[in-house]
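**Q** Pasting a structure here, questions to come.
Every number in this text was worked out from the coordinates using simple rules, so none of it is lab data. Note that this is a predicted model, so its numbers are computed, not measured. All Cβ positions, glycine included, derive from the backbone under ideal geometry; neighbour counts span all protein chains shown.
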C-alpha cells in the first residue's frame, strides 16, 4: 500500500472558520511531546484552522466509540480526523472488533454530515505493520486516509520519545502528512 492512499477522495473545501476534530488516543493527545507539539497543534498552525485535540491516552476503540457522540455534539466539527486502534493492538484485543468500532465511528460522524479523514496506526511487531482493514474501510466508505506516516515515525528512533510515541519531530511529520492529505482531498 502506498502512503496516503485514498487522498484522491474529494472533500468539500473547509472555510477559514471551520473547526476540525482530531479524535483518538495518546498519538492524538501528543504523549511524548509538549501540548504545543502534538500533531493537532502543529496542524492547526500550519493550515490556519482550529483543530480541537480530543486525544485520550490509553483509550481503546470501544471507549472511543462510546465517547465520540458527546465529543461531536460539543465540538460541532466540520471535519473529523480519526486515529484509533493502537491500544487495541497493544492490548492484543480482537482486530476485527477494532475495525468494527472504527467503521462505526466513521459512520456516526458521516450520519451527522461530518466528513472523515482516517489516520492508520500500525500493530507492534518486527517490523510494525499497518492492518489492512484501514485501507479496506477507507475504500469501502470512500474517505481519505493516511496509512504510512505513523509507521514511518515509529521505525525511526530519532522521531520517537519512547517505544510507541513520537517526539516533537515525529508529530510534526504526522501533521505534515495530514496537511498533504487535506490538500490533495481539496479540504484546504
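**Q** Given Cα pairs under 8 Å that are at least 6 residues apart, what percent is the relative contact order of region 19-185? All intermediate terms of the calculation are to be shown ahead of the outcome.
**A** Values: 302 pairs, mean separation 42.7, N = 167.
Relative CO of region 19-185 lands at 26 percent.
**Q** What FRET efficiency do you get for residue 15 and residue 158 if R0 is 45 Å and r is their Cβ-Cβ distance, rounded to the nearest 0.05? Before the final figure, lay out each step's value.
**A** Working: r = 37 Å, r/R0 = 0.82.
With R0 = 45 Å, the Cβ-Cβ based efficiency is 0.75.
**Q** Take 145, 23, 133 and order them by how many other Cβ atoms sit within 10 Å, fewest up front. It would help to have the intermediate numbers written out before the result.
**A** Values: 145 25, 23 29, 133 18.
In increasing order of surrounding Cβ atoms, one gets 133, 145, 23.
**Q** To continue, here is another question. If you average the sequence gap of Cα pairs under 8 Å that are 6 or more apart and divide by the length of region 113-161, what percent do you get for the contact order? Write down the numbers at each step before the final one.
**A** Working: 53 pairs, mean separation 19.6, N = 49.
Dividing the mean separation by the residue count of region 113-161 yields 40 percent.
**Q** Next question, about the same structure. According to the square roots a ≥ b ≥ c of the eigenvalues of the Cα gyration tensor, what is the shape class of region 66-171, taking rounded for a/c under 1.5, prolate for a/b larger than b/c otherwise, and oblate for the remainder?
**A** Values: a/c = 1.90, a/b = 1.56, b/c = 1.22.
Prolate, because a/c is 1.5 or more and a/b exceeds b/c.
**Q** Which of these, 92, 78, 139, has the largest mean-square fluctuation under a Gaussian network model of the chain (Cα springs below 10 Å)?
**A** 92
**Q** What spacing in nm lies between the two simple spin-label points modelled at residue 126 and residue 52, each 7 Å away from Cα in the Cβ direction?
**A** Each label point lies 7 Å from its Cα, and together they span 4.3 nm.
**Q** Please list, short to long, the whole-number percent of alpha-carbon pairs of region 61-114 in consecutive 10 angstrom bins beginning at zero.
**A** 25, 54, 20, 2
**Q** Also, I was wondering about something else. Would you give the gap between the C-alpha center of region 47-73 and the C-alpha center of region 77-141, rounded to a whole Å?
**A** 13 Å
**Q** Among (1) 16.0; (2) 32.3; (3) 16.8, find the value of Kirkwood radius over Cα pairs in Å that was calculated from the structure presented, and write down its label.
**A** This structure yields the entry labelled (1).
**Q** Working out 0.36 nm times the residue gap between residue 180 and residue 140, then minus their Cα-Cα distance, what length gain in nm do you get to one decimal?
**A** Working: separation 40, 0.36 × 40 = 14.40 nm, distance 2.16 nm.
Extra length from residue 180 to residue 140 when fully extended: 12.2 nm.
**Q** Using 1/(1 + (r/R0)^6) with R0 = 25 angstrom and r between the beta carbons of residue 8 and residue 74, what's the FRET efficiency to the nearest 0.05? The partial results should precede the final answer.
**A** Values: r = 32 Å, r/R0 = 1.27.
According to the calculation, E is roughly 0.20.
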